[in-house]
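The values are calculated or read from the model by the stated rules, or taken from the named source; none is laboratory data. Here the structure is a predicted model, which is why all the values come from computation and not from measurement. Here Cβ is always computed from backbone atoms with ideal geometry, including for glycine, and neighbour counts include all displayed protein chains.
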Amino acid sequence: MALEGTLRDFSLADIFQLIGLQRKTGVLTLRTKDDTVTVTFLDGKVVGADSLTHRLENRLGTVLMKSGMLTNEQLARALEIQKETLQRLGFILTHYGIISADALKQALQLQILQIVYRLFRWKDGDYHFSQETTIEYDRDNVAPITAESILMEGARMIDEWPIIEKRIRSSDLVFRKKPMAQDNIVVVTGGDEADEVDFDDNAPPVKRRKTHSGSDKIRISQEEKQVYELVDGRKTVTEIVEVSRLSDFDTNKALYELLTRDLIEEVRGQAAVAAVAPTPVDESEVAETPVPLPLVLFLALVAVASIATSFKNPLNSLSPLRPIGRASAPVETRKAISVERIHTLGNAIEEYNVVTGHLPARLQDLAPYFASTTLLHDPWGNSYRYLQQPSRYLVIGFSPDGKPDTDLFLSRAIDAGPQASAPTKQEHGGIVLID
């Protein structure tokens, strides 16, 4: 009997429990208007998960960047080798000794779980389970995860998400540290316990402060401290989640608890608009602007010079991980995120071209069917600039100060029309492509 229906009639927890108890092997597909997620099971255990808007292989680099195991330079070089060899990104990173096999396994498991845990927030959608006799997955690096362990964590999230969402109402909210709050913070470690927060849905937020050495200090966990340091009055919740080393749920919960303890506050009104709104760009005017020939020539020179030096030894950029300085780590992380966003936009532009027979007039035309609106801006809030001609397009990324970054240029020639073949291209650093 086919297992299919809607989440209104049969909850995700019921589906996972049924598949786990009956030790089924196959692929569970869940669809909403915003995303399609597939979860792969082997004998009732989860061995893979992928999302249309969070591609597992494309996001692996971000997971490793967030965990501090990979630099932007190393990721860019690994992506370059991947384009040349068509090998898995994980294989390249372990083959050249950039990360250990254990680190890769942890990153893959974290990404799988993040995709699965997002499903527990879905209130509606269609599902279909296709039973198979056998399935293929990365047996070397993925350890099967029992449905029971996922359900236990999922149940906790289902209980607490509604309470968190009452304070974290939108992923576009911006928070800032409250004055003098840092003087009252003590970070607890090991077996110490942080301040207990009243998590009662019917009671107003109440902070229960525990004293530290006889003083009225507010004790927070290491994870809460990490999120607290990312709050700067400019980053949205989405951006904090992206650069945090925690899951979506744990990052939002940390923000909730920081709010409850009066350590941070929401940026409201004009201040919020100024914090998150990038300088408006007339996309229609940009779309009609031809790609300047000097710019194309400049990019070509950059690519040729870089290829000439970097291809002498594939290990030049992929040397064993060097310590990341505190000042540069957030910038490097955001730059890696921007690299992946531009890659995704390039793929969306080409998919749009195949479907419609022409390039999009502006990047907004890609949303929501070809790309999420979140991808249209870089982690600093700048709108990516997009230039296009009938047979070429250019996507330009920016540095933290809003200036064009030569490491974040994507220029690609493409054949117009649904019958277009894949363009031949060269790549540098996984991002600059000049035909």
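If you take the residues of region 1-32 that are at positive phi and part of a strand (DSSP E or B), which of them is modelled with the highest pLDDT? By that ranking, first place goes to G26.
A quick yes/no check of all residues on (1) free of Cβ contacts under 8 Å to residues at least 60 places away in the same chain; (2) closer than 30 Å to R156 by Cα:
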position	(1), (2)
R77	no, no
Q82	no, no
G97	no, no
S100	yes, no
Q109	yes, yes
Y117	no, yes
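The condition of being more than 25 Å from V47 (Cβ to Cβ) and assigned to a helix (DSSP H, G or I) does not hold for Q111. Being within 21 Å of the chain's Cα centre (by Cα) and outside the structural domain of K335 (by TED's automatic domain parsing) holds for only one residue in I81, I168, I145, and it is I168. Only one entry of M65, M69 meets the criterion of being in a loop (DSSP other than H, G, I, E, B) and either acidic (D, E) or surrounded by 17 or more Cβ atoms within 10 Å (Cβ to Cβ) (or both), and that entry is M69.
Table: residues versus (1) more than 30 Å from A101 (Cβ to Cβ); (2) modelled with pLDDT of 90 or more; (3) in a helix (DSSP H, G or I).
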| position | (1), (2), (3) |
| --- | --- |
| E136 | no, no, no |
| R139 | no, no, no |
| A155 | yes, no, yes |
| W161 | yes, no, yes |
| D183 | yes, no, yes |
| V186 | yes, no, no |
| A194 | yes, no, no |
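Only residues that are free of Cβ contacts under 8 Å to residues at least 40 places away in the same chain and of a type outside the set (G, A, S) were counted in region 1-20, giving 4. Only one entry of D365, D401, D407 meets the criterion of being without any contact (Cβ under 8 Å) to a residue 40 or more places away in the chain, crowded, with 17+ Cβ neighbours inside 10 Å and over 11 Å from G346 (Cα atoms), and that entry is D365. Selection within region 33-51: residues that are in a loop (DSSP other than H, G, I, E, B) and over 21 Å from the mean Cα position of the chain (by Cα). The member of this set that is farthest from F120 (Cα to Cα) is D43. For region 116-125, the criterion of being over 15 Å from D250 (Cβ atoms) and surrounded by 18 or more Cβ atoms within 10 Å (Cβ to Cβ) is satisfied by at least one residue.
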